[in-house]
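Asker: If you scroll down you'll find the structure; I have some questions about it.
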Amino acid sequence: MAVSKVKGFIFDLDGVITDTAEYHYRGWKRLADEEGLSFSREDNEHLRGIARRESLMLILKDRVYPEEKIQEMMERKNRYYLEFIKEISPRDLLPGAKELLEEIREAGLKNALGSASKNAGEVIERLGIRALFDVVSDGHSVERQKPAPDLFLHAAKQLGLTPQECVVVEDAAAGIEAARSGSFRTIGLGPRERVGNAELILPNLAGVKLVDLLKALDH
Ligand code: BG6
Ligand code: MG
């Protein structure tokens with residue numbers, strides 16, 4: 001079967017372009033400590049790519065809380081997170097991310113952001129890379145979050161491309177699952193145990209060149 005030509009890339013943010021995973025962890029950890037709940041770095045690994053509400057549900061496990069309390073806890077965690085991201089600057093770009101975004105644009109292809117975070121807009125502004133994206137799809141764009149394909153479908157539609165013409169770059173198992181179920185091409189960043197279902201697996205974006213990616217994706 002012939003593979004269609006790649007015309008655009010959809011980048012996840014947290015863990016792909018910048019390492020906000022650590023800030024999400026610290027925010028949840030502080031909340032969990034205040035609430036007397038156990039929460040480890042290992043638990044946090046399962047929250048990669050998972051939206052705020054679903055993340056809280058995973059931390060609460062089978063405990064039942066009134067909706068008001070759930071809302072309050074989500075807001076509290078977000079307040080802590082917003083404090084952490086105030087410090088974000090272009091220095092927090094992960095190696096190779098900006099260079100790849102630039103190379104894609106120079107080659108006449110398109111870039112979209114596909115992040116489950118409601119804070120994604122603020123983070124890319126602080127990183128100084130907003131202008132490198134043709135489209136921003138974030139936690140406000142769709143109802144159903146990863147692993148549903150909706151966010152990436154939203155981004156592709158805004159780009160005017162089909163899923164087969166877009167490569168999703170993700171660090172989370174839920175993100176790879178979302179991309180695959182939407183019939184997108186996939187690049188997974190990180191260990192095989194996490195992103196093993198991606199078409200192409202790389203440790204990170206350091207030194208990654210567009211031509212090599214296209215070659216490896218059998219362009
Ligand atoms: C994802 C992160 O990008 O965004 C998750 O990987 C996070 O850890 C999710 O929970 C939602 O983020 P926010 O900023 O809307 O709470
Ligand atoms: Mg991520």
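The values are calculated or read from the model by the stated rules, or taken from the named source; none is laboratory data. For clarity, every value in this text was computed on a predicted model and none was experimentally measured. FYI the Cβ positions are ideal-geometry reconstructions off the backbone, even for glycines, and counts take in every protein chain you see. Calculation scope for accessible area: heavy atoms of the full protein, side chains included, ligands and nucleic acids excluded. Shrake-Rupley method; radii C 1.70, N 1.55, O 1.52, S 1.80 Å.
Asker: Can you report the number of residues in the range 8-38 which are among the polar types (S, T, N, Q) and touching an Asp or Glu at 6+ places or on another chain (Cβ under 7 Å)?
Answerer: 2
Asker: Which of the helices (runs of 4 or more DSSP H) found entirely inside the range 1-109 contain at least 2 residues meeting this: outside the structural domain of residue 205 (by TED's automatic domain parsing) and open to solvent by 20 Å² or more (accessible area, probe 1.4 Å)?
Answerer: So the answer is 21-34, 41-45, 52-60, 67-85.
Asker: For the range 187-198, give me each residue that is free of Cβ contacts under 8 Å to residues at least 24 places away in the same chain and surrounded by fewer than 24 Cβ atoms within 10 Å (Cβ to Cβ).
Answerer: 191, 192, 193, 196
Asker: Need the failing condition index for residue 168 against (1) outside any helix (DSSP H, G or I); (2) over 21 Å from residue 93 (Cα atoms), just the number.
Answerer: The failed condition is (2).
Asker: Is it the case that residue 161 is modelled with pLDDT of 95 or more, among the aliphatic types (A, V, I, L, M), part of a helix (DSSP H, G or I) and open to solvent by 10 Å² or more (accessible area, probe 1.4 Å)?
Answerer: no
Asker: What residue, of 176, 187, is within 15 Å of ligand 2 (Cβ to nearest atom) and part of a helix (DSSP H, G or I)?
Answerer: Every option except 176 fails the conditions.
Asker: If you don't mind, another one. If residue 160 passes every condition in (1) on the phi > 0 side of the Ramachandran plot; (2) in contact with a helix residue (DSSP H, G or I) (Cβ under 8 Å, 6 or more places away or on another chain) but one, which one does it miss?
Answerer: Result: residue 160 passes all but (2).
Asker: Follow-up. Go through the range 123-147 and give me each residue that's closer than 20 Å to residue 24 by Cβ, in a helix (DSSP H, G or I) and touching a residue at least 24 places away in the same chain (Cβ under 8 Å).
Answerer: 123, 124, 126, 127
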